[in-house]
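In what follows, a structure is listed as structure tokens, so that the remarks can point back to it.
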Amino acid sequence: YFSTDTAAALRAAEMEAEIILLAKKVDGVYDKDPYKHKNAKKLDYISYENMEKMAKNGAKVLHDRCVVLAKKYGVKIIVKNTFNDEIGTIVGK
């Protein structure tokens with residue numbers, strides 16, 4: 001029920017952090033699975049609500065509880081690739 005993403009969001013809320021950085025194997029959040037769909041588009045920004053919908057519909061980038069906690073406590077999330085310095089997608093207001 002708890003993932004490392006969720007633990008990071010919970011800890012960020014406890015620390016009253018404004019933002020958390022989550023490094024992943026993809027370089028951001030896509031409108032569909034980039035490994036299955038060549039026409040998938042990377043999103044520079046996505047709202048908490050839209051990310052929650054994607055997570056509940058099976059998106060594997062962020063655990064849905066992570067997004068719920070981040071939204072509740074107003075913590076923005078940056079999703080980026082583990083192996084480069086570029087910002088991928090900002091999840092938040």
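The values are calculated or read from the model by the stated rules, or taken from the named source; none is laboratory data. Since the model is a prediction, treat every value here as computed from it, not as a measurement. Counting neighbours? That spans all protein chains shown, and the Cβs are built from the backbone with ideal geometry, glycine included. All accessible areas refer to the heavy atoms of the entire protein, side chains included, with ligands and DNA or RNA removed. Shrake-Rupley method; radii C 1.70, N 1.55, O 1.52, S 1.80 Å.
Structure summary
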| quantity | calculated |
| --- | --- |
| Residue in the stretch 45-66 that is surrounded by the most Cβ atoms within 10 Å (Cβ to Cβ), counting only those that are part of a loop (DSSP other than H, G, I, E, B) and either touching a residue at least 40 places away in the same chain (Cβ under 8 Å) or on the phi > 0 side of the Ramachandran plot (or both) | LEU62 |
| Subset of the stretch 13-41 that is among the hydrophobic types (A, V, I, L, M, F, W, C), under 14 Å from the mean Cα position of the chain (by Cα) and more than 12 Å from HIS63 (Cα to Cα) - its residue that is surrounded by the most Cβ atoms within 10 Å (Cβ to Cβ) | VAL29 |
| Residue list for the stretch 67-84, filter: open to solvent by less than 50 Å² (accessible area, probe 1.4 Å) and within 10 Å of the chain's Cα centre (by Cα) | VAL67, ALA70, ILE77, ILE78, VAL79, LYS80 |
